[in-house]
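Inspection log for the structure reproduced underneath, given as structure tokens.
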Amino acid sequence: MPHAGPSTVIAGDRREPWQRELTAAVRDAGELRSLLGLPAAPAPAAVGEFPLLVPRGFVARMKPGDPHDPLLLQVLPVAAEDIATPGFTADPLLERDALAAPGLVRKYAGRALLLAAAGCAVNCRYCFRREFPYAESGAHRAGIAAAVETIAADATLHEVILSGGDPLLLDDDRLAELIGRLEAVPHVRRLRIHTRLPVVLPERVTDALVAMLRATRLTGVVVVHANHPAELDDAVAAGLRRLVTAGVILLNQSVLLAGVNDSPDVLAELSERLVDIGVVPYYLHLLDRVRGTAHFEVAEREALGLIDALRRRLPGYAVPRLAREVPGEAAKTWIGYHSSRTEIPGERP
Ligand SMILES: *Cc1c(COP(=O)(O)O)cnc(C)c1O
């Protein structure tokens, strides 16, 4: 497939603009701090296994000079990551036990989650797969082929969820090849893509991607991931609107993060901004208890209070479902809403 790049592309560089952006992403905490006019600080040991990675376009949405910027807090490694907290482990979701085949995580009826790419365009410090052993998990070409065979052999699977890492790190040719293989499986009806790229690297919403989603016989569902309204600038909005024109169902999932979005004003503005763009707020996840992320945790009781506040301010469709993943359950656990006139039960132990 020919690559139509802008005229500034160096001759012979056939990469797409989003691929060049990714290569140029910030990978050094000292550089990130200096770009934002913040003083230097020692890096935690945890960056050794989970390095800093953030595209420059995402950095441009941060407020210079503000060490508490909600976008910065999501990506900057901090000393708190090295603190061991009881209950916070390497694989709290027991995903390694749920690998149905190399590269295929199967937990829920009718759906299978395919680890289509090992990496991401941004390393979110709260990531629940920050210690996931991608190298052994099958998130590579041979693993994907094996996963598709497993899907083909199980007629109860109606939906394939492309995840990772971020599946949109696959280039358009490889994505088209994968979608083609899934389309060839008669019982697969829906293709769901879980991705943060349209938010952190909006250039990824290429014409070829939009055309591919429009053309497939599979019902397309794209679940993006934004946690704060400042992530959704005009370029992101334009990319997301183009996905809407592809006829996909466009949803957002957020993680509730202390210091980032644990306020009714921020969450309400996030939901309104999403809906303005054409994205339906789907999930607000309670943090998965992954080692090194305890400083992001918001208590369940407080989370329920936030949902209550949203329900008083927003239309029902703009209120995300508050959910937690409990290993061994048949679905994500929805955390019940209680009117503020009833007692909110105490936190889980
Ligand atoms: C979250 C998740 C899904 C999708 O769950 P929905 O409630 O349908 O959004 C599917 N498979 C796995 C393994 C998951 O972790």
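Things worth noting here:
- Residue-level accessible surface for ASP82, protein heavy atoms, 1.4 Å, Å²: 80 Å²
- Taking the range 17-82 and dividing mean pair separation by its residue count, relative contact order in percent (alpha carbons under 8 Å, at least six apart): 38 percent
- Taking all Cα pairs closer than 8 Å and separated by 6 or more residues, the relative contact order of the chain comes to 15 percent.
- Surface exposure of the range 95-334, expressed per residue as accessible area with a 1.4 Å probe, stands at 37 Å².
- Gaussian network model of the chain, Cα within-10 Å springs - most flexible of ALA121, ALA146, ALA268: ALA146
- Here the contact order of the range 104-240, divided by its residue count and restricted to Cα pairs under 8 Å and six or more residues apart, works out to 25 percent.
- Peptide ranges 103-112, 40-49 listed from the most packed, as the mean C-beta count within 10 angstrom indicates: 103-112, 40-49
The values are calculated or read from the model by the stated rules, or taken from the named source; none is laboratory data. Predicted model only: the values in this text are computed from it and were never measured. Here the Cβ is made from the backbone with ideal geometry for all residues, glycine too, and neighbour counts use every protein chain on show. Surface accessibility is based on the protein's heavy atoms, side chains included, excluding ligands, DNA and RNA. Shrake-Rupley method; radii C 1.70, N 1.55, O 1.52, S 1.80 Å.
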